[in-house]
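Read through the structure below, which is laid out as structure tokens, and then see the notes.
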Amino acid sequence: MTCYSSHSLAARRRANYSTAPMQGDACDIAFRRRHLLGIDGLSSAEIEEFLDLAAGYVELNRQAEKKRSLLRGRTIINCFFENSTRTRTSFEVAGKRLGADVINMAVAVSSMVKGETLIDTATTLNAMHPDVLVVRHPESGAVQLLSEKVDCAVINGGDGSHEHPTQALLDALTIRRRKGRLSELIVAICGDVLHSRVARSNIALLNIMGARVRVVAPRTLLPAEIERLGVEVFHDMANGLADVDIVMMLRLQSERMHGSFVPSTREYFHFFGLDYDKLRAAKPDALIMHPGPMNRGVEIGSEIADDIDRSLIRHQVEMGVAVRMACLEILARDLGNGPALA
Amino acid sequence: MNVSSTGASRLLIRHARLLDPASGLDAVGDLFVEGSVIAAAGGDLSARARGAETIPAEGLCLAPGLVDMRVQLREPGAEHMESVESGGQAAAAGGVTTMVALPNTDPPVDDVSVVEFLARRAREVKLAKIHTYAAATKGLGGRRLAEMGLLAANGALGFTDGVKAVADALVMRRVLAYARSFDLLVLQHPEEPSLAGAGEANEGEIATRLGLPAITPAAEIIMIERDLRLVEITGARYHAAHLSTGAGIEAIRGAKARGLPVTCDTAPPYFALDETAIGDYRTFAKLSPPLRSEKDRRAVIEGLRDGTIDAIASDHAPWDQDSKRLPFSSAAYGIVGLETLLALSLELYHSRHLSLLELIARLTWNPARILRLPVGRLTPGAPADLVLFDPEQPWKICTDEFRSKSKNAPFDGRTVRGRVKRTIVDGRTIFRLQA
């Protein structure tokens, strides 16, 4: 069970909070937690709060003048224990646009190699007085462990096969902007669900928001009792994609390709890769998503990935920066010493 | 060559004892074939079949052609021991109209191209119908999944590593889970290899006296029990091949009672012989799994009688002299069986362990159902794959007369009762016994 610490001084901190510049009215504060560790356990109001705030940032990001000073003086450390380009860059851009100082730490090549434990690293970082830590770690639960040892806010940038909350939020924002809503939509999450933190966060979020969620994969790529998470399970694309509004493809990690989970990329694409033929089962206006990076010709055909009418993949990246700005703002507003003046 | 290709488009077989396990029919009557399918079965069909070629069959049994779910054809790779052609001839002489080859060829059947190659060869040879299993793991290596979905889509009937067990439990779990996604059949050689080791004979007095490295009968039950647990968590269709021990059969019996999607077969040597057959190092009686104790042999018969064992397969394993005329430990495992499958199985009928209809079910309808093939029955509309045989006629097995390229069988000189008279595939006679 994931535990979310909601701090005890919420009232005082709220008093210190000055109105968010992008949103006119912020009286109804929903998210009162210190960290954003996962989607599971959030309320629909909390999720709406992230999405509403992020929606405003989408517009800001399209302007020539993108810089805000909301987080001026704040320090954000991107602490990535696992390789990442897009998520780390997205957080870096988000932090800088809000005026924070952003430091990137590639931990995999520094202290981990020297044998420092995760808790030692947390203690060390904490002593530098960061305001927000963005943490990615290859082990499920590691980000939560680290969050318990620091005084600042922690955003989970992906932990093992557990959660990737900002990805689920950016996916939700992407869908909401195109479909106008999340509730009642049928969403099929296809592919390597077994290893996917993106799938788990999305399953949680879509259920909270009242969407109907399916997973489609061979049994070797589905964890046991996945249906208990609130999904319908399918083992073939024709039935799994029937009448869906959204097709979310997951990345099949190449290190697992040749081996025991699935026989080969050729066979995987034949049965589970998304192409126009399989997409025909979905609603005529069904849209395609992928958290990236894509393996073209493995889980998704190139043509369909680049189809500007159907594919939302590039929108997802754009929404990513806006969502992460919203996350940083929401977590920063509750920091003990108050936000910098806008 | 005994094969006459009459190619009759209309064929009436008169006054045969019709045996159709699918419908329970066991009565004297006519069977009428039009083209490649059965048009009618039972009663007097002479009026309807006016002008058809007539085969008088008084005193003979007419059953669906045998469905042999486990043979090795050695093509591609070892055609000097057996080929699609010679194996097809042997099948025809044995009354076998459908057979399924194991994937342990060279190259192994782990690629769509080999499945297609075998299908093409079978079409060219036009004898018994030939299907193939494909490898469960690439190169039969026991590590990486074979392209089971694509192989099945191109005709592979099931997945197995052939004469080797899938040893690694996690790999086997994934094989079963992946197979379940596509509703495919997984077949196992049920022997724990780490326990069997380099064993050659059943563990016990005989192996001890002969000084042969032994295989404990527990190697079978251990693998079966493990697999059954994996079937429980994956729900895949699982078939254990050539059961040889009472314990293994009891495990399958229990699994069936629990409702698991499990089937199994055995082969004639396991009910016709016991471990004493290896006598003075007779390599023709060297099998994998090894011939077991007399108690196990009786348990096999009981398993066949009560239906725990669904099918009898020949387990046809052709080997040339160079592979068998060797010291016992160096000799290859297995015997040829296509041409003796029916006669040896009929021993169970003559010994009154099984009725004729029950026996025929285990040779035709049961394996056809496991394999989901539309054969093994005398239903109108079904392919006219038939065997006409005399259940009583005594004859002496003479391995030199085998059509198979290989002659390795421990049954040479054995007197048996029950002779195949004619074998028909898709309405074509592919074998007729010379008077």
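The values are calculated or read from the model by the stated rules, or taken from the named source; none is laboratory data. In this text the structure is predicted, and so the values were computed from the model without any measurement. For neighbour counting, all protein chains shown are included, and Cβ atoms are generated from backbone atoms with ideal geometry for every residue, glycine included.
If we only count helices (runs of 4 or more DSSP H) wholly inside segment B:223-308, which ones have 1 or more residues that are more than 21 Å from the chain's Cα centre (by Cα)? Break it down stepwise before answering.
On the way: elements: B:246-257, B:268-272, B:294-306.
Once the helices (runs of 4 or more DSSP H) in segment B:223-308 are filtered for at least 1 residues that are more than 21 Å from the chain's Cα centre (by Cα), what remains is B:246-257, B:294-306.
Going by the structure shown, is A:F261 in a helix (DSSP H, G or I) and of a type in the set (F, W, Y)?
No, not satisfied.
Of the residues in segment A:297-318, how many are among the small types (G, A, S) and without any contact (Cβ under 8 Å) to a residue 24 or more places away in the chain? Steps first, please.
First pass over segment A:297-318, keeping only residues among the small types (G, A, S): A:297, A:301-302, A:305, A:311.
Keeping just the survivors that are without any contact (Cβ under 8 Å) to a residue 24 or more places away in the chain gives A:302, A:305.
The number of residues fulfilling the criteria is 2.
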Inset, instruction - Keeping to segment B:370-396, report how many residues are surrounded by fewer than 19 Cβ atoms within 10 Å (Cβ to Cβ) and farther than 11 Å from B:P64 by Cα. - result: 11
Legend entry - In segment B:116-143, the residues that are within 14 Å of chain A (Cβ to nearest Cβ), in contact with a Leu (Cβ under 9 Å, 6 or more places away or on another chain) and either under 17 Å from B:L73 (Cβ atoms) or surrounded by fewer than 20 Cβ atoms within 10 Å (Cβ to Cβ) (or both): B:A134, B:A135, B:K138
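Could we say that B:A146 is within 14 Å of another protein chain (Cβ to nearest Cβ), under 25 Å from the mean Cα position of the chain (by Cα) and over 16 Å from A:V262 (Cα atoms) here? Don't jump to the end; show me each part of the working.
Working: within 14 Å of another protein chain (Cβ to nearest Cβ): yes; under 25 Å from the mean Cα position of the chain (by Cα): yes; over 16 Å from A:V262 (Cα atoms): no.
No.
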Legend entry - Residue list for segment B:259-309, filter: at pLDDT below 95 and either surrounded by fewer than 19 Cβ atoms within 10 Å (Cβ to Cβ) or of a type in the set (D, E) (or both): B:G279, B:D280, B:Y281, B:R282
Legend entry - Subset of segment A:209-232 that is closer than 23 Å to B:L150 by Cβ and more than 10 Å from chain B (Cβ to nearest Cβ) - its residue that is nearest to the chain's Cα centre (by Cα): A:V215
Inset, instruction - Can you give me the number of residues within segment B:411-423 that are surrounded by fewer than 22 Cβ atoms within 10 Å (Cβ to Cβ), on the phi < 0 side of the Ramachandran plot and touching a helix residue (DSSP H, G or I) at 6+ places or on another chain (Cβ under 9 Å)? - result: 5
Inset, instruction - Please find, among B:D168, B:D227, the residue that is over 22 Å from B:S314 (Cβ atoms), more than 14 Å from every other protein chain (Cβ to nearest Cβ) and not polar (S, T, N, Q). - result: B:D227
Inset, instruction - Return the total of residues in segment B:177-216 being in a helix (DSSP H, G or I) and touching a Lys or Arg at 6+ places or on another chain (Cβ under 8 Å). - result: 6
Legend entry - 3 or more residues of a type in the set (A, V, I, L, M) and in contact (Cβ under 8 Å) with a residue 24 or more places away in the chain: qualifying strands (runs of 3 or more DSSP E) within segment B:1-99: B:10-20, B:25-34, B:37-41, B:66-71
Inset, instruction - Could you list all residues from segment B:323-344 that are under 30 Å from B:E392 (Cα atoms), touching a helix residue (DSSP H, G or I) at 6+ places or on another chain (Cβ under 8 Å) and small (G, A, S)? - result: B:G337
Inset, instruction - Give the number of residues within segment A:208-235 that are without any contact (Cβ under 8 Å) to a residue 24 or more places away in the chain and surrounded by fewer than 18 Cβ atoms within 10 Å (Cβ to Cβ). - result: 6
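Kindly establish whether B:A361 is surrounded by 24 or more Cβ atoms within 10 Å (Cβ to Cβ), small (G, A, S) and within 16 Å of B:A90 (Cβ to Cβ).
no
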Inset, instruction - Please go through segment A:127-173 and pick out each residue that is under 18 Å from A:F91 (Cβ atoms), of a type in the set (S, T, N, Q) and surrounded by fewer than 24 Cβ atoms within 10 Å (Cβ to Cβ). - result: A:S147
Inset, instruction - Considering each residue of segment B:150-176, count those that are closer than 23 Å to A:D192 by Cβ, over 21 Å from the mean Cα position of the chain (by Cα) and surrounded by fewer than 24 Cβ atoms within 10 Å (Cβ to Cβ), and give that number. - result: 7
Inset, instruction - Could you tell me whether segment A:160-177 includes any residue that is farther than 18 Å from A:M249 by Cβ, at pLDDT 95 or above and in contact with a Phe, Trp or Tyr (Cβ under 6 Å, 6 or more places away or on another chain)? - result: yes
Legend entry - Enumeration of residues in segment B:142-168 that are in contact with a Gly (Cβ under 8 Å, 6 or more places away or on another chain) and either closer than 12 Å to B:V109 by Cα or not in a loop (DSSP other than H, G, I, E, B) (or both): B:L145, B:D161
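Among A:A281, A:A238, A:A242, which is within 14 Å of another protein chain (Cβ to nearest Cβ) and surrounded by fewer than 22 Cβ atoms within 10 Å (Cβ to Cβ)?
Values: A:A281 fails: within 14 Å of another protein chain (Cβ to nearest Cβ); A:A242 fails: within 14 Å of another protein chain (Cβ to nearest Cβ).
From the options A:A281, A:A238, A:A242, the qualifying one is A:A238.
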